[in-house]
Amino acid sequence: MSYFVTGGTGFIGRYVLERLLERKGRIYVLVRPQSKERMDAIVKRLGAPRGRIVQVTGDITEPNLGLSKAERDKIKNVDHFLHLGAIYDITASDQDNRETNVGGTINAVRLCNSLDHATFHHISSIAIAGRYNGVFREDMFDAGQRIEFPYDRTKFESEQIVREEITGPWRVYRPAVVVGDSRTGAIDKIDGPYLLFKWFKRASNNLPAWLPLPGIVGGRANIVPVDFVAGAIDHLMHKPGLDGRAFHLVDPYPPTIGEAISIFCRAAGAPSFSLRTSNPLIQSAPRMLLHLTDLNPATRVISDEVIKQLGLPRQFLAYIDNPTRFDCAETLRELDGSGLSVPPLERYAKTLWDYWERNFNVQASSTRKLRRSVDGKVVVITGASSGIGEVVAHRVGRAGATVILVARTKSKLDVIRDEIVDAGGDADVFTADLSDVKDCERVIDDIIAKHGRVDILVNNAGRSIRRSLSNSYDRFHDFERTMQLNYFGALKMIMSVLPGMRQRKFGRIINISSIGAQAYPPRFSAYVASKTALDAFSRCAQPEVLGDGVIFTTVYMPLVKTPMTAPTTIYKAFPMITPQEASDLVIKGMIGTPRRVTTPLGTTGEVIHAVSPSLADRILGTAYGLFPESAAAKGTAGRRDQITPEAIAFAHVMRGVYW
C-alpha cells in the first residue's frame with residue numbers, strides 16, 4: 001500500500017501521517033520549499049523509519065501541484081491520494097480561500113486523474129452545509145443551503161469539484177470543528193473555540209467560580225478532537241466498499257453553544273454561564289450585531305468596535321445561532337468495532353484548557369510583554385518614594401522605560417533612582433506637592449522641558465482617611481484634602497499631559513483607584529468619593545480622546561501593606577497583599593489597553609451592589625458594627641485598636657477590602 005499526501009505539515013495532516021506509519025507502505029508527502037524544515041522536524045518527531053516518508057517538493061496552487069515529470073512518475077502507482085492541503089481559516093480573504101481551497105483541489109484532482117489507480121480522499125468540512133435549517137445527512141450535498149462566508153463557499157465548491165471531476169474512486173470526509181488531542185491537549189493554532197479562552201481566563205481571574213452568569217443556548221457546538229479525526233480518516237480510507245460516499249466526522253451528541261461555553265468555563269475555573277435563555281431575540285443577537293454594519297456609518301462604527309473589543313472574527317459570531325444539525329449514522333456504522341468514537345467534551349475540555357494555558361496564555365505581567373509596552377517610553381510615576389510606586393518604578397526601569405519618579409521627599413527618590421540606574425535602567429527625579437495643582441502643572445512642565453514628553457502617566461499618589469460620619473461632622477477639611485490630592489491633583493496631572501499625548505497620537509493614563517470604589521465600605525466616604533470622582537472623569541474623557549490614541553486604565557487596588565495603611569493599626573490583623581503583588585495589577589494595566597484592572601472580590605462587590613443593593617447594605621452594615629473606629633478617629637492616637645475574632649474572620653473572608 002502506498003500513499004500521496006498533501007497538507008502533511010498541517011495539524012490534521014501530521015496526525016494522519018502518524019496513523020499511516022502504523023501501516024505498511026511508502027508515504028509521499030507534498031512539501032513546499034519553505035516548509036521543508038518543518039517537515040523534517042515532523043518526520044523526526046514521528047520516528048519514521050528511513051525511507052518510509054518521502055518528501056516531494058511542490059505547491060498545491062500550481063498545475064500538477066508543481067511536481068516535475070520525474071516526481072510524478074514516482075507517485076504514478078500510489079494506492080491512495082489524500083488531499084488535506086487547504087486553508088482552514090474562517091478569517092482568510094476570499095482570494096486566498098479560492099486560490100488554495102478551490103484552485104488547489106482542481107490541481108489535485110487533475111493530478112490524481114493522471115495516476116493509474118489511486119483512490120482520491122478529500123478532506124472537506126461540515127462548513128459545506130452553510131446555514132442549512134435542519135438535519136444535514138451524509139448523503140446530502142447541494143440542498144439549497146445558504147452559504148454566507150468565503151471559507152464555507154470554497155469548501156462547498158472544492159467538494160463539488162471532487163464529485164464532478166474525479167474519474168476514479170473517491171471518498172469525502174467532513175470534520176466538524178477540530179480541536180486539540182483529547183489525550184494531551186496538543187494544538188498548534190488558536191481558532192474556533194480557543195478564541196474564547198482568553199475571555200474564560202479573564203473571568204477566572206476576576207470573578208468567583210460560584211457566580212452564575214447569564215448566557216444563551218445557541219446552536220450546536222460540534223467539536224471533535226484531532227486524534228479522533230485522524231483515526232477515523234485512516235480507518236474509513238482503508239475499509240473496502242465505501243467509494244463515492246461522504247462521512248461526517250462529528251460529535252453525534254454535541255452540546256449547545258451555551259453548554260460548551262459552560263464546560264470550558266468549568267475547566268478554566270471560571271463562573272459558568274448557567275442562566276441560559278432560549279429567547280429567539282437574544283439567540284440572534286450576534287447575527288443582529290453583524291447586520292448593523294449594513295445600516296449606516298454610525299451603527300457600523302459601533303458594531304465594528306464591539307467586535308474588535310471582543311477579539312473575535314465577524315464570522316465567529318454568525319455561527320453562534322447556526323441551526324444545522326449533522327447526522328453521522330453511516331459513519332458510526334462503518335466505525336463500529338474500530339474502537340474509534342468522539343469522547344464527550346466534558347471528558348477532555350480540561351486537557352485542552354491546560355495545554356492552552358501552558359503554551360499559549362502568556363501572563364500579563366511577563367517581562368517580555370512589559371518591555372514591548374514600555375521600552376523607550378517616558379513613564380511618570382507619582383507617589384514613587386515607597387510602596388506600590390517604588391516597586392512599579394523598578395519593574396518599569398528594568399523593562400527599558402525612562403522612569404520619572406515624582407513625590408515630595410527628594411532623598412527617598414534619589415535612592416530609588418540610583419538603584420534603577422545601577423541595575424542598568426534610566427530614571428530621573430522630580431519633587432512636587434501633588435495636593436497643590438500649581439505644583440502639579442509646574443512639575444509636568446519641568447519633566448517635558450527635560451525629557452520632551454510624557455508617554456505614560458501613573459497616578460499612584462494618594463491619601464486615605466478612615467473615619468465614620470459621626471466623627472466627621474466637624475472635620476470637613478478631611479473631605480477637602482482627600483479630594484485635593486486624590487482627585488484634583490491627579491486631574492491636574494492628566495490635564496497637563498493630555499495635549500501632548502493627543503498631538504503625538506499616543507498616551508496611557510493609569511489611575512490607581514481602590515476596591516472601595518467597587519465595594520463602598522463604611523468609614524471611607526471621603527476616600528472612596530475622591531477615587532470615584534477620578535474614575536467618573538476617566539470614563540467621560542475616554543470617548544473624547546480615544547481617536548487620538550490615548551487610553552485611560554483604572555486599577556481597583558485591594559488593601560495593600562504600604563506606609564499609607566500603616567497608621568491604621570487594626571490592619572495588622574488583616575490579610576493584605578504586598579506591594580509586589582499590587583505591582584502585578586499595575587503592570588497588567590500597562591500591557592495592552594485594558595480599561596479596568598480588578599480582582600474577583602471587587603467585581604463581586606459591583607455585582608452585589610447592582611443586583612441587590614439591600615443585600616450589599618446589610619453586609620456592609622454588619623462590617624460597620626464588627627470593626628471599631630480607629631484610635632486616630634477617636635482622638636486616642638498611639639493606643640492600639642482592638643479587634644474581635646469575629647471581625648478578623650470577616651476580614652479574611654473579604655480579603656483585600658478596606659474596613
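Each reported figure results from applying straightforward, stated rules to the coordinates on display, with no laboratory input. Just so we're clear, the structure is a prediction, and the values are computed from it rather than from any experiment. We place every Cβ from the backbone using ideal geometry, glycine too, and count neighbours over all the protein chains shown.
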- Query: How large is log10 I(q)/I(0) at q = 0.19, 0.24, 0.29, 0.32 Å⁻¹ when the Debye formula is applied to the Cα atoms of segment 434-474, each weighted equally and without solvent?
  - Reply: -0.70, -0.90, -1.06, -1.11
- Task: For segment 1-68, state which trypsin sites (Lys or Arg not before Pro) are in a DSSP loop and have at most 12 other beta carbons lying within 10 Å of their beta carbon.
- Result: Arg23, Lys24, Arg50
- Query: Under the Karplus relation 6.51 cos²θ - 1.76 cosθ + 1.60, θ = phi - 60°, what is the ordered set of whole-Hz ³J(HN,Hα) values for segment 99-114, x standing for Gly and Pro?
  - Reply: 4, 8, 6, 7, x, x, 5, 4, 5, 5, 4, 5, 5, 4, 5, 7
- 5 angstrom amide H check on Ile551, placed H, neighbours 5+ away: Gly507, Arg508, Ile509
- Message: With a cut-off of 8 Å between alpha carbons and a minimum separation of six or more residues, what is the relative contact order of segment 1-175 in percent?
- Response: 22
- Query: What translational D, rounded to a whole number of µm²/s, comes out for segment 148-259 from Stokes-Einstein when the hydrodynamic radius is the Kirkwood one over Cα pairs, at 20 °C and 1.002 mPa s?
  - Reply: 126
- With the convex hull built on the alpha-carbon atoms of segment 1-175, volume per residue in Å³ sits at 117
- Query: If you project the alpha carbons of segment 2-66 onto their three principal axes, what span does each projection cover, largest first, in Å?
  - Reply: 31, 22, 21
- Kirkwood-based Rg/Rh on the Cα set of segment 207-265 evaluates to 1.20
- Would you kindly work out the equivalent ellipsoid of segment 315-450 from its C-alpha gyration tensor and give its semi-axes, the square roots of five times the eigenvalues, largest first in whole Å? 57, 18, 12
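Determine one quarter of the surface area of the Cα convex hull of segment 383-476, which equals its mean projected area, and express it in nm² to one decimal. If you can, show how the numbers build up before the last one.
On the way: hull surface 29.0 nm².
Convex hull of Cα atoms, orientation-averaged projection: 7.2 nm².
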- Between segment 414-428 and segment 459-480, how many Å separate their Cα centres? 35
- For segment 42-104, evaluate the Debye formula with one uniform point scatterer on each Cα (no solvent term) and list log10 I(q)/I(0) at q = 0.12, 0.14, 0.23, 0.29 Å⁻¹, rounded to two decimals. -0.43, -0.57, -1.06, -1.21
- Query: Relative to the compact globular guide of 2.2 N^0.38 Å, what is the alpha carbon radius of gyration of segment 367-653, as a ratio?
  - Reply: 1.01
- Item | Integer Hz, Karplus 6.51/-1.76/1.60 couplings in order for segment 21-26, x for Gly and Pro | 5, 6, 9, 8, x, 8
- Message: Once you keep just the Cα pairs under 8 angstrom separated by 6 or more residues, what percentage relative contact order results for segment 367-653?
- Response: 17
